[in-house]
Amino acid sequence: MPDINNLQFVRLITFEAFKVIPRSLFESIKEIDSATIDRIYEHSVEIMTVPVVDEKGIVVARMPAQSVWVAALHDITHKIKGFLWLEFDVIERRVFIQACAVDKQYQSNNGEVLNKMRDYIRSLPLPDDMKNNIQMTTTKPKALEKVGCRRSKKVLMEFTNADSEPDNKG
């Protein structure tokens, strides 16, 4: 198995960033379906930038979003083998991992991939309290607990459809 430590991060700063990430890496994330992947590629401009509007509210330009950070993991030949998509939440003082993936040949069961990503996040020019508050959603919490993550005190809740009514049963 190739060594994950031989891969290097490079920040992707343009809205075309998602287009250089191989679709197969997004497809390897079980929680993301094909339609969502299509929307990520389609809306990369909105993800990576914020609008600049004139006095009439018309978008006249776009600037890089300071709260979004996308980095690719590449090998010595500069072939992308993984990626990390982060959002910085300055209100909650956290780094939120929107998505991350690495080529199967670099995956192991001992958490090396998550450790590499955590170490990379902690190397970023962020306040220490944000570096130590890294969060993500998952459908496999037990797998993440095995590699050192802990369950958050907050629980993600959702309405299942537009017709959902609270049952008020507490």
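Assorted remarks:
- Taking 0.36 nm per residue of sequence separation and removing the Cα-Cα distance, the Lys79/Ser28 pair yields an extension gain of 16.7 nm.
- Estimated [θ] at 222 nm from DSSP helical runs (n ≥ 4, -39500 (n - 2.57)) normalised by residues in the chain, nearest 500: -6500 deg cm²/dmol
- Amide H to amide H, with H built 1.01 Å from N, Gln98 comes under 5 Å of Trp85, Leu86, Glu87, counting only residues 5 or more places away or on other chains.
- Debye, to nearest 20: dipole size of the chain, +1 on Lys, Arg Cβ, -1 on Asp, Glu Cβ: 680
- Within the chain, the longest run free of trypsin sites (Lys or Arg not before Pro) that sit in a DSSP loop with at most 15 other Cβ atoms within 10 Å is 94-149.
- Spatial separation of Cα centroids for segment 63-107 and segment 1-24, in angstrom: 8
- Label-to-label distance, Gln98 versus Asn115, with points set 7 angstrom from Cα along the beta-carbon direction: 2.9 nm.
- Our summary gives the chain a relative contact order of 20 percent, counting only alpha carbon pairs under 8 angstrom and 6 or more residues apart.
- Extension gain, Ser123 back to Glu42 (0.36 nm per residue minus Cα-Cα distance, nm): 26.1 nm
- Segment Val147-Phe159, length gained on full extension (0.36 nm per residue, minus Cα span): 1.3 nm
- Cross-link pairs Lys19/Lys56; Lys104/Lys146; Lys19/Lys79; Lys19/Lys131 - those with Cα-Cα distance over 21 Å: Lys19/Lys56; Lys19/Lys131
- Sparse-neighbour loop sites [GluC sites (Glu not before Pro); segment 69-170; at most 14 other C-beta within 10 Å; DSSP]: Glu92, Glu158
- In segment 18-82, the GluC sites (Glu not before Pro) that fall in loop regions by DSSP, at most 15 other Cβ within 10 Å: Glu31, Glu55
- Cα-based shape type of segment 1-108, given that a ≥ b ≥ c are square roots of the gyration tensor eigenvalues and the cut on a/c is 1.5: prolate
Just so you know, all these numbers are worked out from the coordinates, no wet-lab data involved. Keep in mind the model is a prediction, meaning the values are calculated, not measured. In this analysis, Cβ positions are derived from the backbone assuming ideal geometry, glycine residues included, and neighbour counts consider all displayed protein chains.
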